[in-house]
Amino acid sequence: MTAPRVPATIEQPAPTVWPMVLAFGVTLMFAGLVTHVLVSVVGAILMVTAGIGWSRQVFPEPHVEYVSIPSLPEEDEAWLATRSISRLAPGEAGHRVRIPVEVQPISAGIKGGLVGGAAMAIVALTYGVVMQRSLWYPVNLLAAVAMPEMAHAGPAELRAFDLTALIIGIVAHGAISILAGLLYAVILPMLARRHMLWGGLVAPLLWTGGLWTVLGIVNPVLNARVDWAWFIVSQIVYGLAAGYVVWRAEPIATLQTWPLAARAGIEASGETAPRAEREP
């Protein structure tokens, strides 16, 4: 229940421990992947409990507390009443700006994902032809994520053409490539410099290491069939191609650089063009 309002106070959200409990539950959920399933069960219970507890802090009424405001001498109050606030432009006089100041458009992430996915597919198909004497081997291996029978198939079956595996492989590869490209468009502008190093080398090595760890636990059979040297090469090629497309796109200024009227969507003199001029 909310406490009655006290004069000369500021209303603030009441403190709660549930966000920390939720974070601890998420940690246990992932820790259970490399330890024991009971650890994940405990984590799931904590997550559900924390979610319920946290929601009760907000619904049906938000829990708040009131912090008293120290009183000021009359002369200080009179001085404050006559003061005005001058707004600083982003970066002016050491004024802190939100990073990034510019972001890449979503279309750049989609294009980068498609270009990177195509480049990675070329590397993967080259591996299939050179190392496995089959164009379909990497396709069937990718489809094995959704087709358990492919993970246990023999070399001859993996080298053979399978229409279902081809469709699943194309859809999965395209979706993952686009999602990764969108992540590039969001994350790369936040890095101060060396975008190609982060996107072309660091990020592919990080997610390859994570995938190798998870796949070794979830599906050791499939993990043993993956040629990780070629896999790393294909990921680096994806990162370089997608990162280059995202980096070359024309950035868009964030809202912090817009005037207040433009951010609020208000037509103000000198800020936005009249409606008649914008309409064809």
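We did not get these values from a lab; they are worked out from the coordinates using the rules stated. As the structure is a prediction and not an experimental result, all values here were calculated from the model. Glycine gets a Cβ as well: all are built from the backbone with ideal geometry, and neighbour counts include every protein chain shown.
Farthest towards the positive end of the charge dipole of the range 102-253, among the residues GLY128, PHE161, ALA185, is the Cα of ALA185, using unit charges on the Cβ of Lys, Arg, Asp and Glu. Site pair ALA172 and ALA31 shows an inter-label distance of 3.1 nm when each label is modelled 7 Å from Cα along Cα→Cβ. Rounded to the nearest Hz, the phi-derived 3J(HN,Hα) couplings of the range 207-215 under the Karplus curve 6.51 cos²θ - 1.76 cosθ + 1.60 (θ = phi - 60°) are 6, 5, x, x, 5, 4, 5, 5, 5, where x marks glycine and proline.
Taking amide H positions as modeled 1.01 Å from N, with prolines and chain starts lacking one, the residues under 5 Å from THR9 and 5 or more places away or on another chain are ILE69.
Which length gain, in nm to one decimal place, applies between LEU163 and GLU250 when the Cα-Cα distance is subtracted from 0.36 nm times their residue separation?
Numbers: separation 87, 0.36 × 87 = 31.32 nm, distance 3.96 nm.
Full extension from LEU163 to GLU250 adds 27.4 nm.
In this structure the amide hydrogen of GLU65, modeled in the peptide plane, comes within under 5 Å of the amide hydrogens of GLN12, ALA14, none closer than 5 places in sequence on its chain.
Using the count of nearby Cβ atoms within 10 Å as a rough guide to exposure, how do LEU38, LEU166, LEU46 rank from fewest to most? Walk me through the intermediate numbers first.
Numbers: LEU38 10, LEU166 15, LEU46 19.
With the sparsest Cβ surroundings first, the list reads LEU38, LEU166, LEU46.
Protection proxy ranking of 121-129, 29-37, by the mean of other Cβ atoms within 10 Å over each peptide's residues and highest first, is 121-129, 29-37.
Placing a pseudo-label 7 Å from each Cα along the Cα-to-Cβ vector at VAL218 and HIS63 gives an inter-label distance of 3.6 nm.
What's the FRET efficiency of MET20 with ASP227 using the Cβ-Cβ distance as r and R₀ = 35 Å, to the nearest 0.05? Write down the numbers at each step before the final one.
Values: r = 43 Å, r/R0 = 1.22.
With a Förster radius of 35 Å, E is 0.25.
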